[in-house]
1. Within 10 Å, at most 10 other Cβ atoms, and a DSSP state outside H, G, I, E, B define an exposed site. Report the longest part of the chain free of exposed chymotrypsin sites (Phe, Trp or Tyr not before Pro).
2. Calculate the FRET efficiency for residue 68 and residue 138 from the Cβ-Cβ distance with a Förster distance of 41 Å, rounded to the nearest 0.05.
3. Can you list the aspartates and glutamates whose alpha carbon is less than 15 Å from that of residue 126, not counting same-chain residues fewer than 8 positions off?
4. Classify region 2-138 from the C-alpha gyration tensor, please: rounded if a/c falls under 1.5, else prolate or oblate depending on whether a/b exceeds b/c.
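Every number here is computed from the coordinates shown, using simple stated rules; none is lab data. Just so it is clear, the model here is predicted, and its values are computed rather than measured. Using ideal geometry, Cβ is built from the backbone for each residue, glycine included, and neighbour counts are taken over all protein chains shown.
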Amino acid sequence: MSSISTLRRGMKNVAYNFTNTQVKVREATSNDPWGPSSSLMSEIADLTHNPMAFTEIMSLVWKRMNDHGKNWRHVYKSLVLLDYLIKCGSEKVAQQCRENIYSIETLKDFQHIEENKDQGLNVREKAKQMVALLYDEERLKNERTRAMMARKRFAQNNQSISSDGLV
């Protein structure tokens, strides 16, 4: 099933002429039953510093966040990605989220039941966490600092591993 959905997504990417940036966001917010990888989210976070890529990323994230029904994973993964981008991407991400906070706040009431399971619960909880973070300037600043330090440590560890000839 996953190879079929991957193939279908690849065909759509070509048919709709999506850019590499859009392809990455589509992959990170796909309907696949697993979450986006941290390496993919990190790549997207780096791209938010490019004005053109920033526009493509945010446009697609807001679009996916407005999905519903069987595409509830688009909504949830958009929130997961956006949370990561708020902490690790350009400061413009948080700024735009504050300007459009109502879009995130409405997800605190998100509903979707699938196979007798409340799939909306994770969306509602993530939306509540993000709204609280966006309203708390000091906490957001601390989260961004922690995330930046963690990314630096990770990059240094990877660099030392590769310079030791282990990679």
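1. Values: sites that count: 16, 34.
In short, 35-167.
2. Working: r = 34 Å, r/R0 = 0.83.
Working from the Cβ atoms, E equals 0.75.
3. 83, 105, 109, 118
4. Values: a/c = 1.92, a/b = 1.06, b/c = 1.82.
Note, shape of region 2-138 comes out oblate.
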